[in-house]
Amino acid sequence: MSFEGTEMKRPSLKKKFTVEFNDDIDKKLTDLAQKKGINKVDVLRRAIALYDYTDSEAGSGTFKKLSITENGRAVKDIVLP
């Protein structure tokens, strides 16, 4: 598509998904969004990004541990399969 010799780019299309959550998951999603001041879609995007990062860092074949720290001390460990 062009306009007086200038090529117009079509906007990239975003994929749309319809998902169903039970009431407990919806409440958690709503609470997280309100707590962070973002919308539910952004909570899901962040969750997917975090999952992708931890999955790629963990590698395959061995268990890895993700630690939550406070003042340099581990307060919680999450074992990644």
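The values are calculated or read from the model by the stated rules, or taken from the named source; none is laboratory data. Here the structure is a predicted model, which means the values were calculated and not measured. All Cβ positions, glycine included, derive from the backbone under ideal geometry; neighbour counts span all protein chains shown.
Summary of values
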{"quantity": "First in the stretch 5-26 and more than 16 Å from VAL43 (Cβ to Cβ), second anywhere and at pLDDT 65 or above and surrounded by 10 or more Cβ atoms within 10 Å (Cβ to Cβ), Cβ under 6 Å, 6 or more apart", "calculated": "none"}
{"quantity": "Residue in the stretch 25-39 that is surrounded by 10 or more Cβ atoms within 10 Å (Cβ to Cβ) and touching a strand residue (DSSP E or B) at 6+ places or on another chain (Cβ under 9 Å) present", "calculated": "no"}
{"quantity": "Single residue of the stretch 6-34 satisfying the filter (of a type in the set (Ser, Thr, Tyr) and in a loop (DSSP other than H, G, I, E, B)) that is modelled with the highest pLDDT", "calculated": "THR18"}
{"quantity": "Output for the stretch 44-81, where each listed residue is touching a Lys or Arg at 6+ places or on another chain (Cβ under 8 Å) and either in a strand (DSSP E or B) or modelled with pLDDT of 85 or more (or both)", "calculated": "SER67, ILE68, ASP77, ILE78, VAL79, LEU80"}
{"quantity": "Among (1) surrounded by 10 or more Cβ atoms within 10 Å (Cβ to Cβ); (2) more than 22 Å from PHE17 (Cβ to Cβ) - the single one GLY59 does not satisfy", "calculated": "(1)"}
